[in-house]
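Asks: Encoded as structure tokens, here's the structure I'll be asking about.
The values are calculated or read from the model by the stated rules, or taken from the named source; none is laboratory data. Owing to the predicted nature of the structure, the values given are computational and were not obtained by experimental measurement. Glycine also receives a Cβ, built like all others from the backbone with ideal geometry; neighbour counts cover every protein chain displayed. Heads up: the accessible areas ignore ligands, DNA and RNA and are worked out on the full protein's heavy atoms, side chains in. Shrake-Rupley method; radii C 1.70, N 1.55, O 1.52, S 1.80 Å.
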Amino acid sequence: MDKKYDFSLILCTLGRNEFVSNFLETIKADSNISFEIILIDQNIDNQLKHIIKEYSNLNIKYLKSDKGLSIGRNVGLKHASGKFIAFPDDDCEYPKNILGNVLKFFNQNDYDFLTCCSRWKDNKISNGNFDIIEGKVSKYNVWNQGISYTLFVKKEAINNLTFDENIGVGSKGIFQSGEETDFILKILKRNYRGFYLPSLFVFHPHLTQNHNDLKYRIERYTPGKCYVLKKHRFNSIYIFLFILAPFLKFIKNSTLLNSKRADLEILKFKTRLSTFFKLYFKSNLNN
């Protein structure tokens, strides 16, 4: 029988062994906190299996899976034995004592999951827009109150729950994001309660500000959010404003002669509009 841990940390990786080594180097076991790392290796070779031999002091379950972030996390969920489940990215780091602080929160508060902020070593918010005020997580504020690697959830709240393998990085279709938000929304639909605590954070590097890379990210990741909005039946006014907002920002930045920002906003508008057209009027979205 598997040992029962306080936390199961499900980490999927592909082509970034050096980041995995860094995560294993930086995570520190609290004497009062037990955890296992469920490492899902999606590389073709087994090089990572040899690397983790250097970390025999950590409780690591090494597993292989097909490519796809949602696929890998679902494999990990089947093997998780912790009271709480988390999904660290392979390029993130856990600040000292974060697991102890998360456990303290759950011991003192009647919530089923906790989300926190993403920051980097300069103490600035990284990889997204995060609210600065703490509070209950809801269907309409979830977008600014967590990302997969800042989510900690009671195992009992996600029994028989899986990530949607049609979405997420590495999925076969056009929806390369949104899997974590979809996952949280499904937890909320079960009437479980979540709380966002921005004073806690996970370290994650800042995204590049290269203009071409930002355009690539818009085209790659925007469709996933559109998919989630439709799947969870967000109201038509919310969706209309979601589509329209970047167009208004495009006008503003054009007026201010901020051509690069205007270029990004009009691309975002076009991508949102075209994706919803496909979602509502076309059945095959795997291209």
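Asks: Report, ordered by the first and then the second residue, all pairs with beta carbons closer than 6 Å, sequence separation of six or more or different chains, a first member in region 198-224 that is under 19 Å from GLN176 (Cα atoms) and among the basic types (Lys, Arg), and a second member that is open to solvent by less than 60 Å² (accessible area, probe 1.4 Å) and in a helix (DSSP H, G or I).
Replies: As it stands, the answer is LYS215/LEU267, since those pairs meet every condition given.
Asks: Of everything in region 103-123, what is open to solvent by 10 Å² or more (accessible area, probe 1.4 Å) and not basic (Lys, Arg)? Give them in sequence order. First the steps, then the outcome.
Replies: First, the residues of region 103-123 that are open to solvent by 10 Å² or more (accessible area, probe 1.4 Å): 103-112, 119-123.
LEU103, PHE105, PHE106, ASN107, GLN108, ASN109, ASP110, TYR111, ASP112, TRP120, ASP122, ASN123, listed by residue number.
Asks: Ok, one more. Please enumerate the residues belonging to region 104-132 that are out of contact with any helix residue (DSSP H, G or I) (no Cβ under 8 Å at 6 or more places or on another chain), farther than 15 Å from PHE201 by Cα and among the acidic types (Asp, Glu).
Replies: ASP110, the sole residue that qualifies.
Asks: Taking PHE234 and the conditions (1) among the hydrophobic types (A, V, I, L, M, F, W, C); (2) within 30 Å of GLU93 (Cα to Cα); (3) open to solvent by less than 40 Å² (accessible area, probe 1.4 Å); (4) in a loop (DSSP other than H, G, I, E, B), which numbered condition does it fall short on, given that it satisfies the others?
Replies: Going through (1) among the hydrophobic types (A, V, I, L, M, F, W, C); (2) within 30 Å of GLU93 (Cα to Cα); (3) open to solvent by less than 40 Å² (accessible area, probe 1.4 Å); (4) in a loop (DSSP other than H, G, I, E, B) one by one, PHE234 breaks only (2).
Asks: Inside region 183-222, can you point out the residues that are part of a loop (DSSP other than H, G, I, E, B) and farther than 30 Å from ARG261 by Cα?
Replies: Residues of region 183-222 part of a loop (DSSP other than H, G, I, E, B): 190-193, 204-210.
Those that are part of a loop (DSSP other than H, G, I, E, B) and farther than 30 Å from ARG261 by Cα: ARG190, ASN191, TYR192, ARG193.
Asks: Follow-up. Given the criterion part of a loop (DSSP other than H, G, I, E, B) and either open to solvent by less than 70 Å² (accessible area, probe 1.4 Å) or among the aliphatic types (A, V, I, L, M) (or both), identify the matching residue among LEU257, LEU264. I'd like the intermediate steps shown before the answer.
Replies: Details: LEU264 fails: part of a loop (DSSP other than H, G, I, E, B).
After applying the criteria, what remains is LEU257.
Asks: Looking at region 143-157 only, could you name the residues that are of a type in the set (A, V, I, L, M, F, W, C) and either outside any helix (DSSP H, G or I) or within 21 Å of ASN101 (Cβ to Cβ) (or both)? So that I can check it myself, show each step before the final result.
Replies: To start, the set of residues in region 143-157 that are of a type in the set (A, V, I, L, M, F, W, C) comprises 143, 147, 151-153, 157.
Once the filter is applied, which keeps residues that are of a type in the set (A, V, I, L, M, F, W, C) and either outside any helix (DSSP H, G or I) or within 21 Å of ASN101 (Cβ to Cβ) (or both), region 143-157 yields ILE147, LEU151, PHE152, VAL153, ALA157.
Asks: Given (1) more than 14 Å from the chain's Cα centre (by Cα); (2) modelled with pLDDT under 95; (3) open to solvent by 20 Å² or more (accessible area, probe 1.4 Å), where does GLY173 come up short, assuming only one miss?
Replies: Here GLY173 meets the rest and fails (3).
Asks: Scanning region 126-170 for residues that are under 24 Å from PHE7 (Cβ atoms) and β-branched (Val, Ile, Thr), which turns out surrounded by the fewest Cβ atoms within 10 Å (Cβ to Cβ)?
Replies: Step by step, filter region 126-170, then rank; the result is THR162.
Asks: What pairs can you find where one residue is in region 70-91 and modelled with pLDDT under 95 and aromatic (Phe, Trp, Tyr), the other is part of a loop (DSSP other than H, G, I, E, B) and crowded, with 21+ Cβ neighbours inside 10 Å, and their Cβ atoms are less than 8 Å apart, with a gap of 6+ or different chains?
Replies: As it stands, the answer is none, since no pair meets every condition given.
Asks: While we're on this one: Output the number of residues of region 103-123 satisfying the condition of being assigned to a loop (DSSP other than H, G, I, E, B), closer than 20 Å to LEU185 by Cα and either without any contact (Cβ under 8 Å) to a residue 60 or more places away in the chain or of a type outside the set (Phe, Trp, Tyr) (or both).
Replies: First, pick out the residues of region 103-123 that are assigned to a loop (DSSP other than H, G, I, E, B): 109-112, 120-123.
Right, trim to closer than 20 Å to LEU185 by Cα and you get 110-112.
Filter once more, keeping what is either without any contact (Cβ under 8 Å) to a residue 60 or more places away in the chain or of a type outside the set (Phe, Trp, Tyr) (or both): 110, 112.
Total meeting the criteria: 2.
Asks: Looking at LYS278, LYS252, which is the one that is in a helix (DSSP H, G or I), at pLDDT below 95 and either of a type in the set (D, E, K, R) or within 23 Å of the chain's Cα centre (by Cα) (or both)? Can you show your working first?
Replies: Numbers: LYS252 fails: at pLDDT below 95.
So the residue among LYS278, LYS252 that is in a helix (DSSP H, G or I), at pLDDT below 95 and either of a type in the set (D, E, K, R) or within 23 Å of the chain's Cα centre (by Cα) (or both) is LYS278.
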